[in-house]
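Take a look at the structure below.
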Amino acid sequence: MATIPTKKTLSMPLRDKSSTKVVIKYPDADIILRSSDSSDFRLQKLFITKSSSPLNGRIQAASSLSDANSGKPLPVVHLSEGSRILYSLLTFVLPLSPALPSTLEETMELLSVAQKYEMSHVLVHIRGSVALKNPPLINKTNALRVYSLAQKYGLRRETVQAARITLKPTLTIENLQDRLSLDLIPGDHLHELWKYHQRVQANLVKNVNEFVGSGACTALKGVGCVNISSFKIPKWIEEYIVSMASTPSMFDFTEFQSALARHASGTSNTTGGRGCSFCANLPGEKIDEYWMTLSTFVHKNMEIVSIALMNHVI
């Protein structure tokens, strides 16, 4: 049975007679994948043909022009990807240790290449490895950049993930200029992101009154609070929910805890200047229960808009 070269071999590329760099040299190779920067990956075609229908077609076409068994050179498939991206992709195809690229841009390109070649199982594997990164690949500091790259490469799942994270700060021209040069996001992509924010907000506002008056708020009942709303829940929670619906960037556990602290200390307008000892002594389990109830409501409404974004109907 064929074996994979050692990691040392893979990290020290070989040179063939024409000085072409050989990144992977698989025993009993019967196909060469050649990158755009003239690096060769000598492989057994079975690995590739089982992973990708588009590449299978190109391999079959190349094989028809060359017969390795008659002493002719191995068939070559010329690819538009560079050697770094192609190597990373192949680590998720061959029995090698998966190797994600070191930069955000290359990771997004890797996902797009797996999608381009219809490698569904490989795409799942790559996304699984990305999900294990710490800190997360997509976060508040780079969400706009990821959104722009995801739009560029047609990665709808990453587009939605990044769009959700951009809800944390309020979307304005000013904070966009602070965090990302506007010329990095095409106007149509920026407009789509703005519409996403608007629809999430509209959806929350439309459903918030039904939510606070529904049975879903049973967990929020707080008969010991000094100020109960008409819906029989603490007034500070109701005010937080209404404010959060109008400004989704307030949907943050720290903001929620701050609203609780202001109410408990008597510095909010829900207590008339006096503290609320009941809410001040809420056990952690009850606070977590409150937050999970709110999270379920918010995520349900976000999901409706996210599906629209995934399906290009925003």
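The values are calculated or read from the model by the stated rules, or taken from the named source; none is laboratory data. Keep in mind the model is a prediction, meaning the values are calculated, not measured. Ideal geometry is used to build each Cβ from the backbone, glycine not excepted, and the neighbour counts take in all protein chains shown.
Entry remark, the range 279-288: residues being touching a helix residue (DSSP H, G or I) at 6+ places or on another chain (Cβ under 9 Å), loosely packed, with under 15 Cβ neighbours inside 10 Å and in a helix (DSSP H, G or I) number 2 in total.
Just one residue in the set Leu110, Leu74 is assigned to a loop (DSSP other than H, G, I, E, B) and either touching a strand residue (DSSP E or B) at 6+ places or on another chain (Cβ under 6 Å) or surrounded by 18 or more Cβ atoms within 10 Å (Cβ to Cβ) (or both); that residue is Leu74.
Just one of (1) surrounded by 12 or more Cβ atoms within 10 Å (Cβ to Cβ); (2) without any contact (Cβ under 8 Å) to a residue 24 or more places away in the chain; (3) under 17 Å from the mean Cα position of the chain (by Cα); (4) in a helix (DSSP H, G or I) fails for Pro136. It is (4). Pick from the range 226-241 the residues that are hydrophobic (A, V, I, L, M, F, W, C) and farther than 19 Å from Met292 by Cβ: which of them is surrounded by the fewest Cβ atoms within 10 Å (Cβ to Cβ)? Only one residue tops the list, namely Ile228. If only residues of the range 16-29 that are touching a Ser or Thr at 6+ places or on another chain (Cβ under 8 Å) and surrounded by 13 or more Cβ atoms within 10 Å (Cβ to Cβ) are counted, the one that is modelled with the lowest pLDDT is Thr20.
If the condition is being of a type outside the set (A, V, I, L, M, F, W, C) and either within 26 Å of the chain's Cα centre (by Cα) or at pLDDT below 90 (or both), then the range 194-214 contributes Lys195, Tyr196, His197, Gln198, Arg199, Gln201, Asn203, Asn209, Glu210, Gly213, Ser214.
The rows are residues; the columns are (1) out of contact with any His (no Cβ under 8 Å at 6 or more places or on another chain); (2) buried (at least 20 other Cβ atoms within 10 Å of the Cβ); (3) of a type outside the set (Lys, Arg); (4) not in a loop (DSSP other than H, G, I, E, B).
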site: Ser243; (1), (2), (3), (4): yes, no, yes, yes
site: Ser249; (1), (2), (3), (4): yes, no, yes, yes
site: Glu255; (1), (2), (3), (4): yes, no, yes, yes
site: His263; (1), (2), (3), (4): yes, yes, yes, yes
site: Thr267; (1), (2), (3), (4): yes, no, yes, no
site: Tyr290; (1), (2), (3), (4): yes, yes, yes, yes
site: Phe297; (1), (2), (3), (4): yes, yes, yes, yes
site: Ile304; (1), (2), (3), (4): yes, no, yes, yes
site: Val313; (1), (2), (3), (4): yes, no, yes, no
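For Val93, indicate whether it is buried (at least 17 other Cβ atoms within 10 Å of the Cβ), touching a residue at least 12 places away in the same chain (Cβ under 8 Å) and in a helix (DSSP H, G or I). Answer is no for this residue. Out of Met302, Met292, one residue alone is among the hydrophobic types (A, V, I, L, M, F, W, C) and in contact with a Pro (Cβ under 9 Å, 6 or more places away or on another chain). It is Met302.
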